[in-house]
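The values are calculated or read from the model by the stated rules, or taken from the named source; none is laboratory data. Remember, predicted model here, so these are calculated numbers, not experimental data. Note that each Cβ is placed from the backbone with ideal geometry, even for glycine, and that neighbours are counted across all protein chains shown. For accessibility, only protein heavy atoms count, side chains too; no ligands or nucleic acids. Shrake-Rupley method; radii C 1.70, N 1.55, O 1.52, S 1.80 Å.
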Amino acid sequence: MAAPAQVTWAELAENGAEVAAIGGIRRTLFGKTRWRLSVDDAIELMEMDEWRFFIETDEEKNWLDICEDGDGAKTISADGPIKTLL
């Protein structure tokens, strides 16, 4: 089962159209820890069902999804919930 991780910031790639990295806070049994991941690492953790990422707005969790383009390249969409952090 994937552990939830709150995304509190996002960094755009140099082209300005894609997310390059995400970071935030993850609650564990021992408290809170800060983390930063490249989009590739975040996608890998999501596909392995290790972590599940969300953005909280107005006390509502909005879960991030993996997007795949026509060539099969995967990314986290700059549209949707993550747009509130950019």
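Some values worked out for this structure:
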{"quantity": "Which listed residue, of Thr33, Thr57, is within 13 Å of Thr8 (Cα to Cα), open to solvent by 40 Å² or more (accessible area, probe 1.4 Å), free of Cβ contacts under 8 Å to residues at least 60 places away in the same chain and in contact with a helix residue (DSSP H, G or I) (Cβ under 8 Å, 6 or more places away or on another chain)", "calculated": "Thr57"}
{"quantity": "Filtered residue count, segment 1-48, keeping only those that are under 23 Å from Glu68 (Cβ atoms) and of a type in the set (S, T, N, Q)", "calculated": "2"}
{"quantity": "Residues of segment 60-86 that turn out to be part of a loop (DSSP other than H, G, I, E, B) and either within 12 Å of the chain's Cα centre (by Cα) or on the phi < 0 side of the Ramachandran plot (or both), as a count", "calculated": "10"}
{"quantity": "Scope segment 1-30; condition closer than 18 Å to Ile55 by Cβ and in contact (Cβ under 8 Å) with a residue 60 or more places away in the chain; matching residues", "calculated": "Val7, Thr8, Trp9, Ala10, Leu12, Glu18, Val19, Ile22"}
{"quantity": "Subset tally (residues that are part of a loop (DSSP other than H, G, I, E, B) and touching an Asp or Glu at 6+ places or on another chain (Cβ under 6 Å)) for segment 1-35", "calculated": "1"}
{"quantity": "Top-ranked residue in segment 62-86 [being touching a residue at least 24 places away in the same chain (Cβ under 8 Å) and loosely packed, with under 14 Cβ neighbours inside 10 Å; ranked as nearest to Asp41 (Cα to Cα)]", "calculated": "Leu86"}
